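Q: This is the structure I want to talk about, given as structure tokens.
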Amino acid sequence: MNRILKLCMLCLPLWLLPCAALAGASEGWPIRLTVDAGAFTRFNTPVRARLEGLEPPETPRRLFELRGKERVPISSQIEAEPSAVCLSWILSGTTPAGTTRVYEWIPGEPVTAAGVTLAQDDKVLEISCGERKVLRYHHAPVPPPEGVSELFTRSAFIHPLWSPAGAELTNTRPADHLHHMGLWNPWTQTTFEGREVDFWNLGSGKGTVRFAKFVSKTEGPVFGGFQAIQEHVDLSAPGGEKVALRENLDVRVWNVGGPSSDAWLVDYTTTQRCASSSPLHLLAYRYGGLGFRGTKAWTEQTSDYLSSEGKTRKDGHGTRSRWCAVYGTTEQGPAGILFMSHPGNREHPEPMRIWPEGDIFFNYCPVQKSDWTLEPGNDYVLKYRLCVYNGMLGAERAEQLWRDFAEPPQVKWQKGER
């Protein structure tokens, strides 16, 4: 009887095997993965396959793409998750809609290639792709300019965000809005334990957002990034300040297109949770959430916006979009950022705050149309992807990039033959 059971188990597909059998399955057996482009043409698209039931391999593994009789080595990267291994790589080049590509993950030394690296000191953490800097995250408090209130001291923001050509695309503490901090993520009109708290407008002295600690930092040939805890602090609480909201910020840079690419992708995922037994009430307001202040080079005459619905500077504010490009001229040439909202986000397609006049300011604001109460014990997740690019980006390519984010290629996998 035992022998019959063992024979039956050998005939089962991998996803039906018990976890104990799967734990060592990746050690000697090849894993075959089939990527389905689905209904959309893909170009240099990140792929992430969750291999349920596998544990991280104890010996190195190498990914190959099967192209007819050729086996082409591919850079890949793994992450361990509870009860699974996640394998990531870039679906390089063009993959037409309705087609598939086949890969094998087998024992062997992985491909070595220039990838995404991190450099940290006591003030900032920088992410680079190859030899080029992508972004700088400030984990230490940055004091305000001389003569400005200490209330404007701030950490937990990104500046600069660079274009692939090296242009700084963000701006901090411009004279007209001293609380603007490059790329940052505070709420504006809120109530907490009966008090009005504004985490956005620092000069009110009612609230702020601070870096607390790093949870993880990752480097690799396919992606790199960090997770950081950020605390949204009520400064007006009786008896002293009180943390109202604890946020896990997950920033990931994908190595798309290689060392000379004219674009890169940045995933910006925020998971927010009440820090006490008290809820946080987010009141409907025209701005709040993920904010971006553009470089001072992007004036009303040298820049513009284009949303998925065809809206621009003159008519974009208060409208909804799946994606919105902000772009303009720099000393290094034309550049831009495509902001993409995930379909799972609250109020998607999300309302936008766009300045109809003046410099570039952009904000996806999921509370622009209605209140939102964050209840204790729940996680609230908002996912965004940024494509930072040189040159110009047309609406067709922007839509393709958003589809890669919103409806990524599907991966099926199975254990192959030895």
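Q: Given the residues A263, A244, which is the only one that is hydrophobic (A, V, I, L, M, F, W, C), surrounded by 17 or more Cβ atoms within 10 Å (Cβ to Cβ) and under 22 Å from the mean Cα position of the chain (by Cα)?
A: Testing whether each residue is hydrophobic (A, V, I, L, M, F, W, C), surrounded by 17 or more Cβ atoms within 10 Å (Cβ to Cβ) and under 22 Å from the mean Cα position of the chain (by Cα) leaves just A263.
Q: Moving on to the next point. For the range 36-69: of the residues being assigned to a loop (DSSP other than H, G, I, E, B) and at pLDDT 95 or above, which is surrounded by the fewest Cβ atoms within 10 Å (Cβ to Cβ)?
A: A39
Q: If you don't mind, there's one more thing I want to ask. Evaluate the following for L283: is it crowded, with 21+ Cβ neighbours inside 10 Å, among the hydrophobic types (A, V, I, L, M, F, W, C) and in contact (Cβ under 8 Å) with a residue 60 or more places away in the chain?
A: No.
Q: Considering T99, T153, T170, which residue is closer than 30 Å to W200 by Cβ and either free of Cβ contacts under 8 Å to residues at least 12 places away in the same chain or surrounded by fewer than 15 Cβ atoms within 10 Å (Cβ to Cβ) (or both)?
A: Being closer than 30 Å to W200 by Cβ and either free of Cβ contacts under 8 Å to residues at least 12 places away in the same chain or surrounded by fewer than 15 Cβ atoms within 10 Å (Cβ to Cβ) (or both) holds for just one of T99, T153, T170, which is T153.
Q: Any idea which residue in the range 266-321 is farthest from the chain's Cα centre (by Cα), counting only those that are outside any loop (DSSP other than H, G, I, E, B) and under 18 Å from T172 (Cβ atoms)?
A: The residue in question is S303.
Q: Count, please, the residues in the range 127-167 that happen to be small (G, A, S) and at negative phi.
A: 7
Q: Failed condition for P408, given (1) touching a Leu at 6+ places or on another chain (Cβ under 7 Å); (2) closer than 30 Å to P107 by Cβ, with all others met?
A: So the condition that P408 fails would be (1).
Q: Right, something else. Kindly list, by first and then second residue, each pair from a residue in the range 250-268 that is more than 30 Å from P186 (Cβ to Cβ) to a residue that is of a type in the set (S, T, N, Q) and at pLDDT 95 or above, limited to pairs with Cβ atoms under 6 Å and residues at least 6 apart or on different chains.
A: The qualifying pairs are G257/N44; D262/N390.
Q: Does S370 satisfy being of a type in the set (S, T, Y), surrounded by 19 or more Cβ atoms within 10 Å (Cβ to Cβ) and modelled with pLDDT of 95 or more?
A: no
Q: Do you know which of the residues in the range 315-361 that are of a type in the set (G, A, S) and crowded, with 19+ Cβ neighbours inside 10 Å is farthest from C387 (Cα to Cα)?
A: Among those residues, the one meeting the criterion is G316.
The values are calculated or read from the model by the stated rules, or taken from the named source; none is laboratory data. Everything numeric in this text was worked out from a predicted model, so none of it was measured. Neighbour counts run over all protein chains shown; Cβ positions are idealised from the backbone, glycine included.
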